Structure formats: C-alpha cells, structure tokens
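Engineer: Next up is a structure, given as structure tokens.
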Amino acid sequence: MLSKRLLVFTDLDGSLLDHHDYSHEAADPMLAELERMHVPVIPATSKTAAELLEIRKELNNHHPFIIENGAAVYIPENYFRRRPPDTTIVDKFWVKAFTQPRQYWQALLQSLNKDFEDCYTTFAQAGVEGIMELTGLEPGKAEQASMRGYSEPVSWHGTETKKEKFITQLEDHGAVVLQGGRFLHVSGNCNKGSALRWLTRQYQSDDPSRPVVTIAAGDSQNDVAMLETADIALIIRSPVNEMPLINQHQQCFFSGDFGPKGWVEGLNIVLDFLRNPGTAIS
C-alpha cells in the first residue's frame, strides 16, 4: 500500500455519522489511524460548506471536502503545491463549483409551484425552525444546514405518483434530483462521482510518482455515482434505507453493521484486502 496513495471519500449521515444522533464516536479510532497512515478522509456529502467547517473541527480533519452532493469541492489553501485551474478563493479555500447557484434552482421550483405546492417543503420555506423539526438538528446546526450555496433540499409529503411527475418536470428543465437519506436534493448536472474524479486528478497531479487508489463509502442513492466512480466501493448498511444499487463495480464491499460501526467494519475489510499482496489493486 505504501507505493500507492489511498484516498477515502465518505458520505456522512448514515455512514461516518450515525443516522439518528449524528455521532462519529465509533469511528474515531479508525479516523486517527487513517490520519497516522497519511490517508486523507474526504467528506462527500449533501451538507453545506458551513456545516462541514464545523464537522471537520469535530473530526480533526484538515483535508478537502465535497459539499451539496458534488456541487462544489473545497480545498484548503496551499493544500496542494499549486492552486488548481478554474477555482476561486473563498475564505481561505480553493473552490471548484460544478453547477449554478441555489437561487437558480429556487426559481425553478417556484415555477412549478402551481402543480406541486402542497406536496413539499423546501429548506428555504421551512426556515431554521422548520429545518430543526425536519432533521432534529439543534438551532446552530440547523442554521448551518440552511446556508445552501448550490442546491435546494425538498421534504416530500405528497404521493409517490406525484413525486415521479415532480422529478420528471424538474429534470425536463435541466435539474438533477437526488434522493438522500431524508430529502430530495434539487441541483444541476453534478454528483459526488464527478467531484471525486476531479479531486482525484488534483491529488495525482500533485504527486505523479504515486498512483492514487480511491475508496468510496456511502449508504444511500445519492452516493451511487461516487461508489461507481471509485476504485473500491464500500456500501454501508442503513437502518432506514435499502442499500443503494450500483450497476457496475470491480471491487465492492458491504458492511454488516450500521452507520459508523459499519464504516469501521467495512474499512477494515478494505484495508485487509489492500494489504494482501495476492489481491491488491495493480
């Protein structure tokens, strides 16, 4: 493994963080071990940049991160030897955006309101108090969750039939709608897989002498693109969702346990696989 650079891209809610209480305690020893091994753990999540800044402090994580289901990548300034092209500098981060800003998607949703306005609630409509009710987050974290940059989460409470029509109309207008653990996420033609691919190229360009091997961990459908793009996919068992279906993969592993316990269990399996000289990726 030492001849290769491992990158761990991970979903948060339901994967590294417990679905119910958002705890990462069970994963803390593994996070410390990966840091000791110089293996970056890169959050790839539906969460906002504001949320990630706080979560990274809790995790003692100083690596890049992917927000809002692949809408943008944030890289700490001077993390790489050169700033990647087509990035902007925002609050001491190099930021690569892949889609239009949130206001664009809010306007699109508003244009469809006459047909579906009784079937859903957006984060913008809910406000901080509503987000607290929808997520169970405390006020400060709910406010961070409200600070979307590139997407609009939707809490759907209409019928499945209407939801299919809703999604179809959004897609006909150029949106991409992803089903997360709790919400539909309305954004542009971006996903965690494309963001993973772009960020992996930056790591490879920064150190061309070491081949990069990517591991992706996730538990829901909005992780599928990331799981399919990575060299190794780790699907975390969920207490509330069916396991995501991926169409193709050369190396795919499944956890038996839920959330952060399953995350640790699965990564141990993957690392054992990579340490085995007879089966390691060439």
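Engineer: So what J values fall out for the stretch 185-200 if you push phi through Karplus, 6.51 cos²θ - 1.76 cosθ + 1.60 with θ = phi - 60°, rounded to Hz, Gly and Pro as x?
Structural biologist: 10, 9, 7, x, 7, 9, 7, 5, x, 5, 5, 4, 4, 5, 5, 4
Engineer: Under 5 Å between amide hydrogens, which residues at least 5 positions from Val90 or on another chain qualify, with H placed 1.01 Å from N in the peptide plane?
Structural biologist: Close amide H contacts, sequence-distant or interchain: Val95.
Engineer: Could you give the alpha-carbon Rg of the chain over 2.2 N^0.38 Å, rounded to two decimals?
Structural biologist: Normalised Rg, Cα atoms only: 0.98.
Engineer: Determine the relative contact order of the chain: mean sequence separation of Cα pairs under 8 Å and six or more apart, normalised by residue count, in whole percent.
Structural biologist: 22
Engineer: For Asp21 and Leu53, what is the calculated FRET efficiency with R₀ set at 22 Å and r taken between the beta-carbons, to the nearest 0.05?
Structural biologist: 0.60
Engineer: Determine the sum of side-chain charges near Gln202: Lys and Arg each +1, Asp and Glu each -1, restricted to other residues whose C-beta is under 14 angstrom from that of Gln202.
Structural biologist: +4
Engineer: Dipole magnitude of the stretch 177-273 about its Cα centre, charges +1 at Lys/Arg Cβ and -1 at Asp/Glu Cβ only, in debye to the nearest 20?
Structural biologist: On the way: 7 positive and 10 negative charges, 47 e Å.
For the stretch 177-273, the charge dipole is close to 220 debye.
Engineer: Follow-up. How charged is the neighbourhood of Leu59? Take every other residue with its Cβ under 13 Å from the Cβ of Leu59, and add Lys/Arg as +1 and Asp/Glu as -1.
Structural biologist: Residues close to Leu59 contribute a combined charge of -3.
Engineer: How much length would be gained if the chain were fully extended between Gln251 and Arg81, taking 0.36 nm per residue of separation minus their Cα-Cα distance, in nm to one decimal?
Structural biologist: Stretched fully, the Gln251-Arg81 segment lengthens by 58.0 nm.
Engineer: ³J(HN,Hα) across the stretch 81-87 via Karplus (A = 6.51, B = -1.76, C = 1.60, θ = phi - 60°), whole Hz, x for Gly/Pro?
Structural biologist: 5, 10, 6, x, x, 6, 10
Engineer: Another one. Loop only by DSSP, 15 or fewer other Cβ within 10 Å of the Cβ. Give me the trypsin sites (Lys or Arg not before Pro) in the stretch 42-123 that pass, ordered by residue number.
Structural biologist: Here the sparse-neighbourhood loop sites are Arg81, Arg82, Lys92.
Engineer: Net charge around Glu171, counting only other residues with Cβ within less than 13 Å of its Cβ (Lys, Arg = +1; Asp, Glu = -1)?
Structural biologist: Neighbour charge sum, excluding Glu171 itself: 0.
Engineer: Now for a different question. Can you give me the Cα centroid spacing of the stretch 94-155 and the stretch 172-186 in angstrom?
Structural biologist: That distance is 11 Å.
Engineer: Given a Förster distance of 35 Å, report the FRET efficiency between Val90 and Glu117 from their Cβ-Cβ distance, rounded to the nearest 0.05.
Structural biologist: So the FRET efficiency works out to roughly 0.55.
Engineer: Take Arg36 and Ser3, extend 7 Å from each Cα along the Cα→Cβ direction, and tell me the distance between the two endpoints in nm.
Structural biologist: That separation, rounded to one decimal, is 2.5 nm.
Engineer: Shifting gears a bit: Put a dot 7 Å past each Cα toward the Cβ at Ala107 and Val240; how far apart are the dots in nm?
Structural biologist: Going from the Val240 label point to the Ala107 one covers 3.3 nm.
Engineer: Please state the relative contact order of the stretch 1-63 as a whole percent: Cα pairs under 8 Å, 6+ residues apart? Before the final figure, lay out each step's value.
Structural biologist: Numbers: 47 pairs, mean separation 24.2, N = 63.
Rounded, it is 38 percent for the stretch 1-63.
Engineer: What ranking of Cys119, Cys252 emerges when the number of other C-beta atoms within 10 Å of each C-beta is taken as an exposure proxy, fewest first?
Structural biologist: Placing the least packed residue first, the sequence is Cys252, Cys119.
Engineer: So, one more: Would you mind calculating the relative contact order of the stretch 102-187 from Cα pairs under 8 angstrom and at least 6 residues apart, reporting the percent as a whole number?
Structural biologist: Computed value for the stretch 102-187: 34 percent relative contact order.
Engineer: Moving on to the next point. What is the extension gain from Gln125 to Trp198, computed as 0.36 nm multiplied by their sequence separation minus the C-alpha to C-alpha distance, in nm to one decimal? Before the final figure, lay out each step's value.
Structural biologist: Working: separation 73, 0.36 × 73 = 26.28 nm, distance 3.30 nm.
Length gained, Gln125 through Trp198: 23.0 nm.
Engineer: Would you calculate a helix-derived [θ] at 222 nm for the chain, using -39,500 (n - 2.57) for each DSSP H run of n ≥ 4 and dividing by the full residue count, to the nearest 500?
Structural biologist: So the helix-based figure for the chain works out to -11000 deg cm²/dmol.
Each value in this text was obtained by applying a stated rule to the coordinates, not by laboratory testing. As the structure is a computational prediction, the values presented were derived from the model and not from experiment. Note that each Cβ is placed from the backbone with ideal geometry, even for glycine, and that neighbours are counted across all protein chains shown.
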